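What follows is a short report on a single structure.
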Amino acid sequence: MRTTIDLPDPVFRELKAVAARRGTSLKQIIRLAVEEEIRKAERPAGRRLKFPILSSRQPGVLNLTNAEIEDILT
């Protein structure tokens, strides 16, 4: 399918330079960029965190030793 896109001149010049450095066409660079954006949009969202992640007897203050932090992370 054909479409028309408007790019600012500096962006177009840089895009042409990228294509030339890669030895490919402007069309190929744009297609790959669009496909990458589509792949990013299809990735599942990260899992949601529930807060507090670590509980504390004194909210707002969490005094942990390095050993306690290591225990939590393992």
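Derivation of every value follows stated rules applied to the coordinates shown; laboratory data play no part. The structure presented is a predicted model; accordingly, all values stated were derived computationally and were not measured. All Cβ positions, even for glycine, are placed from backbone atoms using ideal geometry, and neighbour counts span all protein chains on display.
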The residue from 33, 19, 67, 41 that alone is of a type outside the set (Asp, Glu) and in contact with a helix residue (DSSP H, G or I) (Cβ under 6 Å, 6 or more places away or on another chain) is 19
Only unsatisfied item for residue 62, checking (1) touching a helix residue (DSSP H, G or I) at 6+ places or on another chain (Cβ under 9 Å); (2) surrounded by 10 or more Cβ atoms within 10 Å (Cβ to Cβ), is (1)
Picking from 48, 21, 13, the residue that is surrounded by 10 or more Cβ atoms within 10 Å (Cβ to Cβ) and among the basic types (Lys, Arg) would be 13
